[in-house]
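Beneath this line is the structure, given in structure tokens, with notes to follow.
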């Protein structure tokens with residue numbers, strides 16, 4: 001499983017309120033409409049600029065705050081295949097995997113906005129193609145990679161009936 005795309009750079013402590021601002025909470029049952037407002041306050045127009053396969057690069061504690069499971073889902077629906085961050089809020093991390101959005105822990109401070117990047121999930125390798133920098137990260141456990149391959153926990157369970165742990 002390899003993800004390759006343009007980097008979208010965010011800093012530390014990006015909360016679920018940054019991802020999906022509270023004033024749009026009423027749209028949580030209309031995910032297509034809610035996706036139009038992903039990162040609205042910190043990256044205006046993000047949903048119109050992002051391309052399928054792009055990758056979010058972030059600092060520490062990405063996804064802190066409330067456990068809004070629609071936060072990682074609308075990131076994925078906007079076209080992002082993976083988030084690479086120094087660390088994640090626990091609930092956001094698990095919700096991301098459950099909706100089929102790859103979440104990778106790796107120090108990516110030196111990556112800049114719009115760099116071409118690649119994430120090789122099975123190998124545990126992150127590459128900033130623009131800068132020619134390669135870094136290693138701990139690959140996700142096999143079951144989590146299988147959930148991602150199937151498109152999320154729901155699709156995994158529909159296919160296999162239960163988790164194979």
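Computed values, structure above
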| read-out | value |
| --- | --- |
| The stretch 107-165-the stretch 1-39 distance, computed between alpha-carbon centres (Å) | 19 Å |
| Expected 222 nm ellipticity per residue - DSSP helices of 4 or more, -39500 (n - 2.57), all of the chain, to 500 | -7000 deg cm²/dmol |
| Considering only the chain, percent of DSSP beta bridges that pair antiparallel, nearest 5 | 50 percent |
| Hull-based mean projected area of the stretch 31-101, where the convex hull spans the alpha carbons, in square nanometres | 4.3 nm² |
| Neighbour-count order for 57, 133, fewest beta carbons within 10 angstrom listed first | 133, 57 |
| Length-normalised contact order of the stretch 12-165 in % [C-alpha pairs under 8 Å, at least 6 apart] | 18 percent |
| Convex hull of the chain built on C-alpha atoms - directionally averaged projected area, nm² | 8.9 nm² |
| Cα→Cβ-extended label distance, 7 Å offset, between residue 28 and residue 113, nm | 3.0 nm |
| Relative intensity, log₁₀ I(q)/I(0), of the stretch 89-165 from a Debye sum that treats every alpha carbon as a point, q = 0.17 Å⁻¹ | -0.71 |
| Segments 134-145, 83-94 sorted - mean Cβ within 10 Å per residue, highest first | 83-94, 134-145 |
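No value in this document is a laboratory result; all are computed from the given coordinates. A quick note: this is a predicted structure, and the numbers were derived from the prediction, not measured. When we count neighbours, we look across all protein chains shown, and the Cβ atoms used for this are built from the backbone with ideal geometry, even at glycine.
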